[in-house]
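The values are calculated or read from the model by the stated rules, or taken from the named source; none is laboratory data. Everything numeric in this text was worked out from a predicted model, so none of it was measured. We place every Cβ from the backbone using ideal geometry, glycine too, and count neighbours over all the protein chains shown.
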Amino acid sequence: MFSDPIGFLYFLVALLITLTVHEASHALVAYYLGDPTAKMKGRLTLNPIAHLDAAGSIIFLITQRIGWGKPVPVNPANFKHPVRDSALTALAGPMSNFILAFFVALPWKYLGEYMPEPILIIVQYTFHVSIFLGIFNLFPFPPLDGSKILGLIIPKRFHRQYENYLYHGMKYFVAIILIDVFILGNFFDFSFFAYAMGYLHDKVSVVLLLGT
């Protein structure tokens, strides 16, 4: 949790940027693939307010650990290839975060010493938060994007079981997160998700920074 209110403010700005890009990318790819639902609901926008969930935002401000944005509405019936296009729409979110991280790494790396300190801090936070958000959403648990990306590799004969997993899996994922964050994290000072995300973040950030 943040002990520095100013640092938390910088973090919130970076989180708004990364969340907005993430959700708008879902809407954009869905629209490109034939589903106008998100566009009709006003989600094909870079206005962060359109992507905020009231309950998820309040809970995040209180806990500084758990929160969520407003899911982008997608109607697979509008896609020519529902499973494939749903997976590509889901993949757009995490990929947009990695692309965003790459692009903010450029000014950080080459212009950082000339930037005003608040701007530099926001750029740095945006880089790291983008990577964390992208990685987290690739975990293959409903309702995360990774669960829908699985549709690209699940054989057709298992699609009934896969749909059942998407429908029922969220409640188990929520239980796992609560145990991992509040029980393991608080009482044992260890979190499987935090460990995995920290490890993967280090690897991805090295690759992105080397690529700039």
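For a quick check of your reading of the model, give me the residue pairs whose first member lies in the stretch 140-155 and is under 12 Å from GLY93 (Cβ atoms), whose second is polar (S, T, N, Q), with beta-carbon atoms closer than 6 Å and at least 6 apart or on different chains.
If the second residue must be polar (S, T, N, Q), the pairs left are LEU144/ASN137; ASP145/ASN137; LYS148/SER86.
Based on what the data block shows, is THR45 buried (at least 22 other Cβ atoms within 10 Å of the Cβ), closer than 16 Å to ALA92 by Cα, in contact with a helix residue (DSSP H, G or I) (Cβ under 7 Å, 6 or more places away or on another chain) and among the polar types (S, T, N, Q)?
It is false that THR45 is buried (at least 22 other Cβ atoms within 10 Å of the Cβ), closer than 16 Å to ALA92 by Cα, in contact with a helix residue (DSSP H, G or I) (Cβ under 7 Å, 6 or more places away or on another chain) and among the polar types (S, T, N, Q).
For the stretch 59-76, name all the residues that are at pLDDT below 95, buried (at least 16 other Cβ atoms within 10 Å of the Cβ) and assigned to a loop (DSSP other than H, G, I, E, B).
Across the stretch 59-76, the qualifying residues are GLY67, LYS70.
How many of the residues making up the stretch 105-139 are surrounded by fewer than 18 Cβ atoms within 10 Å (Cβ to Cβ), assigned to a loop (DSSP other than H, G, I, E, B) and out of contact with any Phe, Trp or Tyr (no Cβ under 9 Å at 6 or more places or on another chain)?
So the answer is 1.
Of GLY34, GLY56, which residue is touching a strand residue (DSSP E or B) at 6+ places or on another chain (Cβ under 8 Å) and either assigned to a helix (DSSP H, G or I) or more than 24 Å from LEU12 (Cβ to Cβ) (or both)?
That would be GLY56, the only listed residue that is touching a strand residue (DSSP E or B) at 6+ places or on another chain (Cβ under 8 Å) and either assigned to a helix (DSSP H, G or I) or more than 24 Å from LEU12 (Cβ to Cβ) (or both).
If PHE192 passes every condition in (1) modelled with pLDDT under 90; (2) under 19 Å from the mean Cα position of the chain (by Cα); (3) not β-branched (Val, Ile, Thr) but one, which one does it miss?
For PHE192, the exception is condition (1).
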